[in-house]
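The values are calculated or read from the model by the stated rules, or taken from the named source; none is laboratory data. In this text, all values refer to a predicted model and were calculated from it rather than measured experimentally. So basically every Cβ, Gly included, is an ideal-geometry build from the backbone, and we count neighbours across all protein chains shown. All accessible areas refer to the heavy atoms of the entire protein, side chains included, with ligands and DNA or RNA removed. Shrake-Rupley method; radii C 1.70, N 1.55, O 1.52, S 1.80 Å.
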Amino acid sequence: MTSSIDTGAPATGSGLLAEGRVGSFTDHMVTMRWTEDEGWSRPELGPVRELSLHPATACLHYGQSVIEGLKAHRQPDGGMAAFRPRAHARRIQRSAHRLSMPEVPEDSFVEAIEQLVAADERWLSGDPGLALYLRPVLFASEANLVPRPAVEYTFVLIGFVIGDYFGDDTDSLAVWVCRDQSRSAPGGTGNAKYAGNYAPTLMAHRRAKEAGCQQVVWLDAVEHRWVEEMGSANLFFVRGTGAEAELVTPELTGTFLPGITRDSVMAIAGRLGLRVRQERVSIERWHAEAEAGLITETFAVGTAAVVTAVGKVVDDGFTWTIGDGRPGPVTQSVHQTLVDLHHGLLPDPDGWLHRIPRT
Ligand SMILES: Cc1ncc(COP(=O)(O)O)c(C=O)c1O
């Protein structure tokens, strides 16, 4: 069985892995169940198998389903480390809370990650360009057609092999700005990693492809002018160059996902001597400052996208290029620093790497 995830990357026909292709599901899964009477069960490792669901399973009808996405990487000593699993555990708790679902205990979430990575690390060769992508999903598994919070939930963790970054460093994204549809609204679920946030974006994604772009840029739902995020990544703008360069990223408004990579990149930027500001950035400002050479680079960050340059923007009949359209020096150094951190090649002052105990 194979799968793929939207890395925001141009299709590269990604390379093959020695055993197992990029995108191959690994062969284990971890499950946990929650019932009103018993609470959470312990994480249980087993072979990947199909789920048997009653047609009235609540998540299929009313959408109580939240997901996460994180990665584990090979370390210099041959072991494995997951990247910031506790941050992902806390985010799925917040997503679950928003959807009136029970919160998976942080330690059980981390134990599930440890079990799956230990069982399936053999799927990952030593190729530093590859990682194990881990996909937790929590859904209402009660058979019930009354629209109320379910009284039974299932948590499943699966994994597959993913390219650690796409293509080569000369690749940049072309992005399409969606002007007439919104991804989320104030008071909605935009800052939760809720399954229902994704299907409504697929139509825009198709339109972006038709416009020759790989990704959609979402604007706020009220004024349709404030840049929020991309389909599966957050955005950073580089203003200025050299020692004067500073990073600007849209401030969190509750309407888009507070990315864990976004948070990591803000910390990394400080270590690289870059100032970072969080503020609202309008689409008009992005356009004008890019054309005036004030915004010199733009990049997207996310677990799957890692750090990916944005080279071209297509918006409402206008097309503009950022810098020379290729990844600039700040994008490249943030990218390299993050990849090196993933692989245990740099000091880890914040304890982001979670070593997987060997079983
Ligand atoms: C909508 C959306 N925004 C941003 C991100 C980036 O978040 P993270 O860095 O935690 O992967 C993702 C990916 O999870 C996403 O799905």
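Annotations for the structure displayed:
- Arg94 being closer than 17 Å to Ile67 by Cα, open to solvent by 50 Å² or more (accessible area, probe 1.4 Å) and within 16 Å of the ligand (Cβ to nearest atom): yes
- Taken together, the criteria place Asp127 among residues that are assigned to a loop (DSSP other than H, G, I, E, B), of a type in the set (Asp, Glu) and either open to solvent by 20 Å² or more (accessible area, probe 1.4 Å) or without any contact (Cβ under 8 Å) to a residue 12 or more places away in the chain (or both).
- Considering residues of segment 313-359 that are closer than 23 Å to Met230 by Cα and aromatic (Phe, Trp, Tyr) only, the residue modelled with the highest pLDDT: Trp320
- Tabulated pairs, segment 245-270, first among the charged types (D, E, K, R), second away from the ligand (no atom under 13 Å from the Cβ) and assigned to a helix (DSSP H, G or I), C-beta under 9 angstrom, 6+ apart or interchain: Glu246/Ala269
- Test: residue in segment 3-25 that is at pLDDT 95 or above and surrounded by 15 or more Cβ atoms within 10 Å (Cβ to Cβ): no
- Yes/no for Val310 being at pLDDT 95 or above, hydrophobic (A, V, I, L, M, F, W, C) and within 16 Å of the ligand (Cβ to nearest atom): yes
- Residue selected from segment 291-310 under the condition open to solvent by 10 Å² or more (accessible area, probe 1.4 Å) and over 20 Å from Leu134 (Cβ atoms), by the criterion nearest to the chain's Cα centre (by Cα): Glu297
- Enumeration of residues in segment 322-359 that are part of a strand (DSSP E or B) and open to solvent by 70 Å² or more (accessible area, probe 1.4 Å): Arg355
- Remark: Gly254 matches the filter, which requires a residue to be within 16 Å of the ligand (Cβ to nearest atom), over 14 Å from the mean Cα position of the chain (by Cα) and on the phi > 0 side of the Ramachandran plot.
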